[in-house]
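I have placed the structure first, in the form of structure tokens, so that the comments after it can refer back to it.
We did not get these values from a lab; they are worked out from the coordinates using the rules stated. Not measured: the values here are computed from a predicted model. Ideal geometry is used to build each Cβ from the backbone, glycine not excepted, and the neighbour counts take in all protein chains shown.
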Amino acid sequence: MINMFKPSVRIENVVASVTLNQSIDLDAVFRNVPNVEYNPEQFPGLVFRLDKPKTATLIFASGKMVCTGAKSEKDVYNAIKKIIKILRSNGIIIIGEAETKIQNIVASANLSAEIDLEKAALTLEDSMYEPEQFPGLIYRMKNPKVVLLLFSSGKIVCTGARQENEVYQAVDLLYKKLYELELLRV
């Protein structure tokens, strides 16, 4: 049996929706803001990429935005602040504050131990394992409400969290459960 330890976790992507509560003239943004991508014949939104924090944000005429690629909740808020500042400094009128809501956090984790997926599928409630379809076990955790993909290598993907702490909580709970059920092997 292996010793309990803290699994390594890495946030891979934070996706947030943003509401500006006003419409945006995307043609004006395209004309006045450098380095944005806009091709309305192909896609109705404008793409605004930042290098720091490294994100891509879709901006729609409705004033709705979707920010992707951030590595933390803090990065999302910094990216939105920076985009609004750049828009304003280029003559785009933004009234009021942006309403930002984290929609999904995707993270990877490594348990540094192999997982017996066959036994895990029989033991974990709300799990699905069809190795001929997909090599990982899909585990739907109720609290926190996330979906975890478990691979026999001990690698995990966590999706569906809305706060970073939910990711860490879910991975810790999963690790403890797998450890207690003796489903981990070095």
Handout entry: Helix axis angle, 73-89 relative to the chain longest principal axis, alpha carbon, degrees
Key = 10 degrees
Exercise for the section: Name the residue, out of Asn143, Asn104, Asn78, whose mean-square fluctuation peaks in a Gaussian network model built on the chain with Cα pairs under 10 Å. Expected result: Asn143
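Of Lys6/Lys145; Lys81/Lys142; Lys6/Lys142; Lys85/Lys145, which ones are farther than 28 Å apart at the Cα?
Numbers: Lys6/Lys145 21 Å; Lys81/Lys142 33 Å; Lys6/Lys142 21 Å; Lys85/Lys145 34 Å.
The answer is Lys81/Lys142; Lys85/Lys145.
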Handout entry: Semi-axis lengths, Å, region 21-97, gyration tensor of Cα atoms, sqrt of 5 times eigenvalues
Key = 18, 14, 12
Completion exercise
If Ile94, Ile24, Ile59 are placed from fewest to most neighbouring beta carbons inside 10 Å, the sequence is Ile94, Ile24, Ile59
Fill in the blank from the handout: Reduced to Cα centres, the span from region 84-134 to region 161-186 in Å works out to 15 Å
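Using only alpha carbons, build the gyration tensor for the chain and give me the equivalent ellipsoid semi-axes, biggest first, whole Å.
Working: eigenvalues 342, 47, 34 Å².
Largest first, the chain gives 41, 15, 13 Å.
Could you give the length gained by full extension between Asn13 and Asn104, i.e. 0.36 nm per residue of separation minus their alpha carbon distance, to one decimal place? Please report the intermediate quantities before stating the final value.
Working: separation 91, 0.36 × 91 = 32.76 nm, distance 0.81 nm.
Using 0.36 nm per residue and subtracting the Cα-Cα distance, I get 31.9 nm.
Say a site is exposed when it is one of the GluC sites (Glu not before Pro), sits in a DSSP loop, and has at most 16 other Cβ atoms within 10 Å; what is then the longest site-free stretch of the chain? Let's see the in-between values first.
Details: sites that count: Glu41, Glu97, Glu125, Glu132, Glu182.
Longest run free of exposed loop sites: 42-96.
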Practice task
Take the Cα of Asp172, step 7 Å along the line toward its Cβ, and report every residue of region 134-154 whose backbone nitrogen sits under 14 Å from that point.
Solution key: 144
Completion exercise
Projecting the Cα atoms of Ser62, Leu178, Asn165 onto the charge dipole of region 36-186, where Lys and Arg contribute +1 and Asp and Glu -1 at Cβ, the residue farthest towards the positive end is Ser62
